[in-house]
Amino acid sequence: MADRSLHVVIWLPSNFYSAVVSTLVEMFQLVNDVCRSQVLSCEFVSRSTPSASSTGIFFPTKAQPSRKMDVLILIAMPGVEIPELLRSLDEESEHSKPLIALAQQQDAIIAAHCGACYLLANSGLLDGKRATISWWLKAEASRRFPQVRWDASRLLIRQDRLYTCGGGFSGLELARALLIDLGFSKEERIIRKLLVLPPPRKFQSPYEFSLDEISNEASPFENKLRELSKDKMSEIDLKFLATELGMSSRTLSRRFFDELQTTPGKWIQERRLELAKSMLEETKLSVSEICYRVGYQDVATFSRLFSRTTGMAPGEFRKQIR
């Protein structure tokens, strides 16, 4: 247990989920209750005073921390409309950079939740380091910050005094890790039982799905590709798509690069794995049967590819998602 009160500062962006923020603070407050002492102090910092969550709940905030930071937690901005979210993150980065720099000067632990990992990457602190981010931002994060060793299959990555975690209630895993690393292992176990928290999780890949299901952002070209591949993943290849679309393989490859910034082979692989994950979740088919239905002929090759992409074997994936 810590010998002195540790100060936690939570940066609130212009928009955020109140449930995530409240859960973090309440877990920290429960440590004080269990210890019967003020071993953790917590305050909110924001460019807005007070700061309103996405549901209109107001949080009292300050422009600057009132004392030296031991922990800085950067909270995410909600949203899955990628272009709009990225614009908001770029704007938020300019406001959060001075606080991140101050936390670094004070040798504080710096933790980023969900899309806020983008803010940490934009500050340069993640260069050359492993990190995760909310799964729906992994493609953009990899493109904009190639110097970061992204592994978005993980729910939480801790490297030195930097913590990054995935979307939504991965904040639970972040709070657990922080409490344990700050010396409150015993209290963390008690809090987990008091709040009836789910078992610790390691991966966010089982929660991924195509954003096209809730968004209209897909281009007409990709919509046509998805229509052609529906119920035919076992036979999809470059030649099949080129024939169905009435163009040469070379022209089709250019369309993939120009409109989707990928190759036909990579797009097909992603769709096969997407379908495999759905089958693991929604059916009782064996792994070998799923392998053949999505277009792979060798179960070992399929399992290695699946594990490399999601961070877990197909059987383990099925257990977690169910």
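Taking the stated definitions as given, is GLN38 at pLDDT 90 or above, open to solvent by 30 Å² or more (accessible area, probe 1.4 Å), within 16 Å of LEU179 (Cα to Cα) and assigned to a loop (DSSP other than H, G, I, E, B)? Give the steps one after another, and end with the answer.
Numbers: at pLDDT 90 or above: yes; open to solvent by 30 Å² or more (accessible area, probe 1.4 Å): yes; within 16 Å of LEU179 (Cα to Cα): yes; assigned to a loop (DSSP other than H, G, I, E, B): yes.
Against the criterion (at pLDDT 90 or above, open to solvent by 30 Å² or more (accessible area, probe 1.4 Å), within 16 Å of LEU179 (Cα to Cα) and assigned to a loop (DSSP other than H, G, I, E, B)), GLN38 qualifies.
Can you find a residue in segment 190-211 that is buried (at least 21 other Cβ atoms within 10 Å of the Cβ) and either without any contact (Cβ under 8 Å) to a residue 60 or more places away in the chain or of a type in the set (A, V, I, L, M) (or both)?
Looking for residues that are buried (at least 21 other Cβ atoms within 10 Å of the Cβ) and either without any contact (Cβ under 8 Å) to a residue 60 or more places away in the chain or of a type in the set (A, V, I, L, M) (or both), one finds at least one in segment 190-211, hence yes.
Quick test for you: out of PRO50, PRO98, pick the one residue that is over 30 Å from PHE209 (Cα atoms) and touching a strand residue (DSSP E or B) at 6+ places or on another chain (Cβ under 7 Å).
Details: PRO98 fails: touching a strand residue (DSSP E or B) at 6+ places or on another chain (Cβ under 7 Å).
Selected residue: PRO50, the only one of PRO50, PRO98 that is over 30 Å from PHE209 (Cα atoms) and touching a strand residue (DSSP E or B) at 6+ places or on another chain (Cβ under 7 Å).
For segment 297-312, which residues satisfy the criterion of being free of Cβ contacts under 8 Å to residues at least 24 places away in the same chain, of a type in the set (Ser, Thr, Tyr) and within 14 Å of LYS277 (Cα to Cα)? Give the steps one after another, and end with the answer.
We begin by selecting, within segment 297-312, every residue free of Cβ contacts under 8 Å to residues at least 24 places away in the same chain; these are 297-301, 303-304, 307-308.
From the residues that got through so far, the ones that are of a type in the set (Ser, Thr, Tyr) too are 301, 303, 307.
Within segment 297-312, SER303, SER307 meet the criteria.
Quick test for you: out of GLU259, GLU227, GLU244, pick the one residue that is of a type in the set (D, E, K, R) and either under 19 Å from LEU273 (Cα atoms) or not in a helix (DSSP H, G or I) (or both). Explain how you work it out, then say what you get.
Values: GLU259 fails: either under 19 Å from LEU273 (Cα atoms) or not in a helix (DSSP H, G or I) (or both); GLU244 fails: either under 19 Å from LEU273 (Cα atoms) or not in a helix (DSSP H, G or I) (or both).
On inspection, the qualifying residue turns out to be GLU227.
Looking at (1) β-branched (Val, Ile, Thr); (2) open to solvent by 40 Å² or more (accessible area, probe 1.4 Å); (3) modelled with pLDDT of 95 or more; (4) not in a helix (DSSP H, G or I), which is the only condition ILE10 fails?
The failed condition is (2).
Within segment 149-205, track down each residue that is among the charged types (D, E, K, R) and part of a helix (DSSP H, G or I). Walk me through how you get there before you give the answer.
Going through segment 149-205, the residues among the charged types (D, E, K, R) turn out to be 149, 151, 154, 158, 160-161, 173, 176, 181, 186-189, 192-193, 201-202.
Once the filter is applied, which keeps residues that are among the charged types (D, E, K, R) and part of a helix (DSSP H, G or I), segment 149-205 yields GLU173, ARG176, ASP181, LYS186, GLU187, GLU188, ARG189, ARG192, LYS193.
Determine the pairs where a residue that is touching a residue at least 24 places away in the same chain (Cβ under 8 Å) and open to solvent by 50 Å² or more (accessible area, probe 1.4 Å), located within segment 243-260, has a partner that is assigned to a helix (DSSP H, G or I) and not acidic (Asp, Glu) with Cβ atoms under 6 Å apart, the partner being 6 or more residues away or on another chain.
Within 6 Å, the pairs are GLU259/PHE221.
Determine which member of the set SER215, SER219, SER170 is open to solvent by less than 10 Å² (accessible area, probe 1.4 Å), of a type outside the set (A, V, I, L, M, F, W, C) and at pLDDT below 95. Walk me through how you get there before you give the answer.
Values: SER215 fails: open to solvent by less than 10 Å² (accessible area, probe 1.4 Å); SER219 fails: open to solvent by less than 10 Å² (accessible area, probe 1.4 Å).
On inspection, the qualifying residue turns out to be SER170.
If the requirement is being open to solvent by 10 Å² or more (accessible area, probe 1.4 Å), free of Cβ contacts under 8 Å to residues at least 40 places away in the same chain and more than 12 Å from the chain's Cα centre (by Cα), which of these qualifies: PRO146, PRO65? So that I can check it myself, show each step before the final result.
Numbers: PRO65 fails: free of Cβ contacts under 8 Å to residues at least 40 places away in the same chain.
The conditions single out PRO146.
Given (1) part of a loop (DSSP other than H, G, I, E, B); (2) surrounded by fewer than 21 Cβ atoms within 10 Å (Cβ to Cβ), where does LEU126 come up short, assuming only one miss?
Condition not satisfied by LEU126: (2).
Can you report the number of residues in segment 41-53 which are within 21 Å of ILE100 (Cβ to Cβ) and either open to solvent by 50 Å² or more (accessible area, probe 1.4 Å) or touching a residue at least 40 places away in the same chain (Cβ under 8 Å) (or both)? Lay out the reasoning, then the answer.
The first filter runs over segment 41-53 and keeps only residues within 21 Å of ILE100 (Cβ to Cβ), leaving 41-49, 51.
With either open to solvent by 50 Å² or more (accessible area, probe 1.4 Å) or touching a residue at least 40 places away in the same chain (Cβ under 8 Å) (or both) added as a condition, the list becomes 42, 45, 47, 49.
Result for segment 41-53: 4.
Report, ordered by the first and then the second residue, all pairs with beta carbons closer than 7 Å, sequence separation of six or more or different chains, a first member in segment 17-35 that is touching a residue at least 60 places away in the same chain (Cβ under 8 Å), and a second member that is among the charged types (D, E, K, R).
Short answer, once both residue conditions are applied: VAL31/GLU187; VAL34/GLU187; CYS35/GLU187.
If I filter segment 146-166 for residues that are at pLDDT below 95, aromatic (Phe, Trp, Tyr) and within 25 Å of HIS95 (Cβ to Cβ), do I get at least one hit?
Within segment 146-166, not a single residue is at pLDDT below 95, aromatic (Phe, Trp, Tyr) and within 25 Å of HIS95 (Cβ to Cβ).
Taking SER134 and the conditions (1) surrounded by fewer than 21 Cβ atoms within 10 Å (Cβ to Cβ); (2) closer than 20 Å to LEU211 by Cα, which numbered condition does it fall short on, given that it satisfies the others?
Against the list (1) surrounded by fewer than 21 Cβ atoms within 10 Å (Cβ to Cβ); (2) closer than 20 Å to LEU211 by Cα, SER134 comes up short only on (1).
Please state which of the following conditions ASP160 fails to meet, knowing it meets all the rest: (1) in contact (Cβ under 8 Å) with a residue 24 or more places away in the chain; (2) at negative phi; (3) surrounded by fewer than 15 Cβ atoms within 10 Å (Cβ to Cβ).
(2)
Cβ-Cβ below 7 Å, separation at least six or inter-chain, first residue in segment 75-92 and in a helix (DSSP H, G or I) and of a type outside the set (Phe, Trp, Tyr), second at pLDDT 90 or above and open to solvent by 20 Å² or more (accessible area, probe 1.4 Å): which pairs?
ILE82/GLU140; LEU86/GLU140
The values are calculated or read from the model by the stated rules, or taken from the named source; none is laboratory data. For clarity, every value in this text was computed on a predicted model and none was experimentally measured. Ideal geometry is used to build each Cβ from the backbone, glycine not excepted, and the neighbour counts take in all protein chains shown. These accessible areas exclude ligands, DNA and RNA; they are computed on the full protein's heavy atoms, side chains included. Shrake-Rupley method; radii C 1.70, N 1.55, O 1.52, S 1.80 Å.
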